[in-house]
1. Checking the condition crowded, with 18+ Cβ neighbours inside 10 Å and under 27 Å from LYS200 (Cβ atoms), which residue from LEU169, LEU156 passes?
2. Considering only region 178-192, state which residues are within 18 Å of ASP221 (Cα to Cα) and surrounded by fewer than 18 Cβ atoms within 10 Å (Cβ to Cβ).
3. Of all residues in region 308-324, count the ones that are within 25 Å of ASP265 (Cβ to Cβ) and either in contact with a Phe, Trp or Tyr (Cβ under 9 Å, 6 or more places away or on another chain) or without any contact (Cβ under 8 Å) to a residue 40 or more places away in the chain (or both).
4. Based on this model, can you work out whether LEU209 counts as crowded, with 16+ Cβ neighbours inside 10 Å, outside any loop (DSSP other than H, G, I, E, B) and either of a type in the set (Ser, Thr, Tyr) or at pLDDT 95 or above (or both)?
5. I need the full set of residues from region 145-182 which are under 25 Å from VAL286 (Cβ atoms) and assigned to a strand (DSSP E or B), in order please.
6. Hey, among SER155, SER181, SER137, which residue is out of contact with any Ser or Thr (no Cβ under 7 Å at 6 or more places or on another chain), modelled with pLDDT under 90 and not aliphatic (A, V, I, L, M)?
7. Kindly indicate whether ARG147 is surrounded by 14 or more Cβ atoms within 10 Å (Cβ to Cβ) and either closer than 30 Å to ILE201 by Cβ or without any contact (Cβ under 8 Å) to a residue 12 or more places away in the chain (or both).
8. Against the condition modelled with pLDDT of 95 or more, touching a helix residue (DSSP H, G or I) at 6+ places or on another chain (Cβ under 9 Å), basic (Lys, Arg) and under 25 Å from VAL297 (Cα atoms), how does ARG198 come out, does it pass?
Amino acid sequence: MFSSDLNPATEKKRDNLKTRAKIIGISIGLAIMIIIALFVILFMHKRRYNKSSCNQNQPRNINSAPSSNIITETGTVIYFGIPVFSYEELQEATNNFDQARELGEGGFGTVYHGKLRDRREVAVKRLYEHNYRPVESFINEIQILTRLHHTNLVSLYGCTSRHSHELLLVYEYVPNGTLDSHLHGDKAKPGLMPWHVRMKIAIETASALCYLHASDIIHRDVKTSNILLENNFCVKVADFGLSRLFPIDVTHVSTAPRGTPGYVDPDYHICYQLTSKSDVYSFGVVLVELISSLPAVDMNREREEVKLANLAVKKFRRKAFSELVDPSLGFHSDENLERMITSVAELAFQCLQRDKDLRPSMGEVLEVLQRIESSNDVPGNLEGIDVHCAETSCSYALPNTLMKPQRLHQTL
């Protein structure tokens, strides 16, 4: 008869082998985890990059945004680097989203004036429930505004959790309304916004857009209703729900055209290729609005003039540029004023080129505006602009007195 028991020496040897196997397995597992962690750290490090900005503010890398909540020592929840507000607190701040507190509506939600428990005045954006991909738009705007800091960009104070009852974003309150309301809205009054104020607004808006482009961000919805104004008319560019991170190793991003009628780049509409020059076109429309005080779209105008960009081109073609200028600006009353407005009109004309490659960059636009303001710019001859328009497209022949967009930086 055979015994199934092992002798003590053999059994001890087997136990030692099992112990060694466990130790080796744990060691290998730990080594693999350490290697994976090192690869992740190395990968994240490589994704970080720094680019020079167009002014004193240095952009921060969006790709390095934290993706999880952090709880501070005081118990405050931090989400993507900003405080998280409860839905109840913001409901209280806006008096239950009182209609009388509405500041305006955008493509992604309604904005309400509110006052927090710490007495800060804020603007609370309540995203539409039926919004296309609301969480994506919510996170997109948070990631941009928490990583970019510029004097002329609106500040984000916080948000609700993306798992909250509603998606809410909390911004600094900008008290003086929008540029749109001052030009042709409820705040529009003759003489209230003289040319030097409009010039300041143009430069500060261009500075903010230049900074965004240097940070590889395309705003994608540049318009006068997204340009907020402080009481001293300092600019705060807002609404980044449509904004896109623009990869540094590509020339364009293929995407379905989105934006506001009257401001959308026609080249983008045709080719579905989004570039930084799409913002330049929209800014060109803003410049024409600053000159004319007319809205970007007006259904009461003739069919060919519903879009302000088309009306502006028509006035250039008919050599009737002065008819486009807001009479309250006193265009012919001052030679220096006439020179400045004419120069800005020429720049707007270059921004509105249908061919995006003929448009200046935002950096060049900013430099030209600063040069015009400093009274060192010599205007070209607007009467010499030759515009040839077919039914579906326009080509522009610039006179020799106008600077070619791609060479603006060489002549400044």
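The values are calculated or read from the model by the stated rules, or taken from the named source; none is laboratory data. Nothing here was measured: the structure is a model prediction, and the numbers come from that model. Every residue, glycine among them, receives a Cβ derived from its backbone with ideal geometry; neighbour counts consider all protein chains shown.
1. Working: LEU169 fails: under 27 Å from LYS200 (Cβ atoms).
Residue meeting the stated conditions: LEU156.
2. Within region 178-192, just SER181 meets the criteria.
3. Taking region 308-324 and keeping what is within 25 Å of ASP265 (Cβ to Cβ), we get 308-318, 321, 324.
Checking which are either in contact with a Phe, Trp or Tyr (Cβ under 9 Å, 6 or more places away or on another chain) or without any contact (Cβ under 8 Å) to a residue 40 or more places away in the chain (or both) leaves us with 309-316, 318, 324.
Matching residues across region 308-324 total 10.
4. Details: crowded, with 16+ Cβ neighbours inside 10 Å: yes; outside any loop (DSSP other than H, G, I, E, B): yes; either of a type in the set (Ser, Thr, Tyr) or at pLDDT 95 or above (or both): yes.
Here the answer is yes, as LEU209 does meet what is asked.
5. Passing the criteria: LEU153, LEU156, LEU169, TYR171, GLU172, THR178.
6. Working: SER155 fails: modelled with pLDDT under 90; SER181 fails: modelled with pLDDT under 90.
After ruling out the rest, the residue left standing is SER137.
7. yes
8. Values: modelled with pLDDT of 95 or more: yes; touching a helix residue (DSSP H, G or I) at 6+ places or on another chain (Cβ under 9 Å): yes; basic (Lys, Arg): yes; under 25 Å from VAL297 (Cα atoms): yes.
For ARG198, the condition - modelled with pLDDT of 95 or more, touching a helix residue (DSSP H, G or I) at 6+ places or on another chain (Cβ under 9 Å), basic (Lys, Arg) and under 25 Å from VAL297 (Cα atoms) - is met.
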